[in-house]
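Just so it is clear, none of the values below were taken in a lab; they were calculated from the coordinates. This one's a predicted model, so the numbers in the text were calculated from it and none came from an experiment. Cβ: placed from backbone, ideal geometry, glycine included. Neighbour counts: every protein chain shown.
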Amino acid sequence: MVDSVGQGLQVKENIKFIPSLSEQRHKFVLDFVRKHKPQKVADLGCANCKLLWRLKYHESIEVLAGLDIDENILTRNIYRLHTGAGDYLDPRERPLTITLYHGSVVEKDPCLLGFDLITCIELIEHLEAKELAKFPEVIFGFFSPSMVIISTPNSEFNPLFSGKTLFRHPDHKFEWNRTQFQSWSLDAARHYGYSVEFTGLGEPPPGAEAVGFCTQIGVFVKNIPNTVESLNNEKTTECTHTTVGTVIYPSLKEEKYLRKAVSNEVFSQILKMKRVLVESLKMKNDSDSGDEPEFVKPKCDEFKSDSTEDTPKPFCIENVFYVPLERLFSFPKIKHLCGDLEMLKMLIADEVTLSSDGSSVMINIVNEEDGDLSDNDRDDLGFG
Ligand code: SAH
């Protein structure tokens, strides 16, 4: 059940937001995440999981949780969060685990402790009076994340819609004007040690500026940040939420994915160097009269690139092409992935043939026509 502001506007026609208000709210959260780089984020009332799906692309986030009271909507939408081939081909730098929980936002379940950011986008207006009364104590008092974003409709905007319904959505239990939302927020902030700032999304049309934004937003930041000790202060309560699903993403923190990423990069750089080599051999052979190709040490310039200039150059001895590890390590991506030369050696050791002194990758360059690695080379390199 998704907030119906967008729908309502389409039906009532007069006012249309582009992009839709729902997208603007998500963008607001994404911009906030980009700025504050939280590691653990929970979206309460996550409905169709679209915000979680957008959040999963943020590198800073290592733990994502979604909670909704509607189990059906979670089971129908968890597919959005599943891993795909791309996640394995280009793994994240940091780990990411996403968990969906079924339960109510006003239950003090320990699974939502220790979060940096909790978002409640168009959620509070769906709560019954009793639930709303418990909400601040649970969110700010118990879960007590460093930051909370709450968005809710601004009822002052409603007369601009031409429809006659009391609220914007049949499941809304109330809709507040700015004074109501701000005094509720300020009370909660004061009581639980947060500061709050107000903003909004969805500009009113010219002439109606006095009604304020269509969506009102409160951004809460904890006055005294959580410490390791405060997070470890165990709050003993029973788990009430049930887990609908957990998705673990591949990341370069796992050695098997790091090995693969380094090997792919090494392979790609060797391939480029080898193409240059084969081209230079072709040119040489074209101008030679002899039958047998003569493998020569390629000219330095052919392998030059800014970051590799000062490193040992690749060379040929007979039909073996040697690419010094130092050379490979000077490529920024390989350096970034491995950190040091020893690590590079360790990560590719099982994938390539190293020279006897362990300083270069060796590959065979016989029977080259087009500069691509032959199947044998791929086998040599372990990239079959
Ligand atoms: N956040 C979503 C839409 C929210 S609609 C978005 O940005 O698009 C409100 C959602 O809150 C619904 O999915 C509803 O099932 C859920 N909800 C209502 N009461 C709840 C409660 N007590 N605990 C958890 N979720 C609740």
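Tell me, what is the FRET efficiency for residue 16 and residue 39 to the nearest 0.05, using R0 = 35 angstrom and their Cβ-Cβ distance as r? Here the calculated transfer efficiency is 0.40. Karplus-derived 3J(HN,Hα) values for segment 143-154, using 6.51 cos²θ - 1.76 cosθ + 1.60 with θ = phi - 60°, are 5, 6, x, 5, 9, 9, 10, 10, 10, 7, x, 9 Hz; glycine and proline are entered as x. Taking a point 7 Å from the Cα of residue 80 along the Cα-to-Cβ direction, the residues of segment 37-66 with backbone N closer than 13 Å to it are 43-57, 66.
Of the peptides 42-55, 172-185, the order by per-residue mean of other Cβ atoms within 10 Å, starting with the highest, comes out as 42-55, 172-185. Amide H to amide H distances under 5 Å link residue 359 with no residue, where only residues 5 or more positions off or on other chains count and H is placed in the peptide plane. Between residue 190 and residue 357, the distance separating the two model label sites (each 7 Å from Cα on the Cα→Cβ line) works out to 7.6 nm.
R0 = 22 Å: FRET efficiency of residue 336 with residue 60, Cβ-based, nearest 0.05? Using R0 = 22 Å, I get an efficiency of 0.80.
Distance between the modelled labels on residue 310 and residue 180, one decimal in nanometres: 6.8 nm (7 Å Cα→Cβ projection). Shape class of segment 71-117 from the alpha-carbon gyration tensor: oblate, with a/c at 1.5 or above and b/c at least as large as a/b.
A straight chain from residue 90 to residue 171 at 0.36 nm per residue would run longer than the Cα-Cα distance by 25.0 nm.
In this structure, the pairs whose alpha-carbon distance is over 30 Å, taken from 284/345; 37/130; 27/256; 56/333; 37/335; 37/313, are 284/345; 37/130; 27/256; 37/313. Between residue 238 and residue 70, the modelled label-to-label distance comes to 2.8 nm, taking each label 7 Å out from Cα in the direction of the beta carbon.
Backbone amide hydrogens, once placed in the peptide plane, bring residue 101 within less than 5 Å of 66, 67, 68, 244, excluding anything fewer than 5 places away on its chain.
Put simply, the amide H of residue 200, placed in the peptide plane, has neighbours under 5 Å in 217, leaving out anything fewer than 5 places away on its chain.
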